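Read through the structure below, which is laid out as structure tokens, and then see the notes.
The values are calculated or read from the model by the stated rules, or taken from the named source; none is laboratory data. These numbers come from a predicted model, not from an experiment. In case anyone asks, the SASA skips ligands and DNA or RNA and just uses the protein heavy atoms, side chains included. Shrake-Rupley method; radii C 1.70, N 1.55, O 1.52, S 1.80 Å.
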Amino acid sequence: MFLDTFRHIIANNGYEVLASGILAAFTAQIIKFIVFTVKSRRINFKIFTTTGGMPSTHSAGVMGMSTLVGILEGYDSIIFAVSLGFSLVIMYDAAGLRRAAGKTAACVNKIMEEIYNHDLKAVGGKLKELLGHTPLEVYVGAAYGILFAYAFHLYVLG
């Protein structure tokens, strides 16, 4: 019953593409939480709201959308080319610019610890260091988004 209602709401109106991307990103974030919990042997619910880590949620979301656009409109369509281009920019940014910003934040944090004798609260707190992704995290996120879109199309949209 729920699945039929869900299909009726999102099918054949463009929202299926958006739903695929959002659900791929959401489930990738759950996977990221599980991976973190297993690796660190502790539970940290802040993982649900952070960037960085395995797999890349951004990559999963944008590739989930792009893949579903390809399935619905054809892989030779202009809209798929635009969507894929958008996805590649997002993934490049995740592994390039945001990762570099995270490394810079780590260096600034070390400098500020030395200057302020480990009292980073005196300057407003520690900068967030985990901003971007390694190339592997981006590739795994992208692969997950592609697989998710195919499964979403097959099982949810029928």
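From largest accessible area down, sort 139, 15, 144; use a 1.4 Å probe on the protein chains.
Details: 139 160, 15 135, 144 55 Å².
Descending accessible area places them as 139, 15, 144.
What does the accessible area of residue 114 come to, in Å² to the nearest 10, when a probe of 1.4 Å is used?
Number for this one is 140 Å².
Considering amide H positions built from the backbone, and no H for Pro or chain starts, which residues 5 or more places from residue 54, or on another chain, come under 5 Å of its amide H?
Counting only residues 5 or more places away or on other chains, the set is empty.
Can you run phi through the Karplus equation (6.51, -1.76, 1.60; θ = phi - 60°) for the range 58-65 and list ³J(HN,Hα) in whole Hz, with x for Gly and Pro?
Result, ordered by residue: 4, 5, 4, x, 6, 6, x, 5 Hz.
Take the Cα gyration tensor of the range 24-89, multiply each eigenvalue by 5, square-root it, and list the three semi-axes largest first, rounded to whole angstrom.
On the way: eigenvalues 189, 19, 11 Å².
Output for the range 24-89: semi-axes of 31, 10, 7 Å.
In the full protein assembly as shown, how much of residue 36 is accessible to a 1.4 Å probe, in Å² to the nearest 10?
My reading of the accessible area for residue 36 is about 50 Å².
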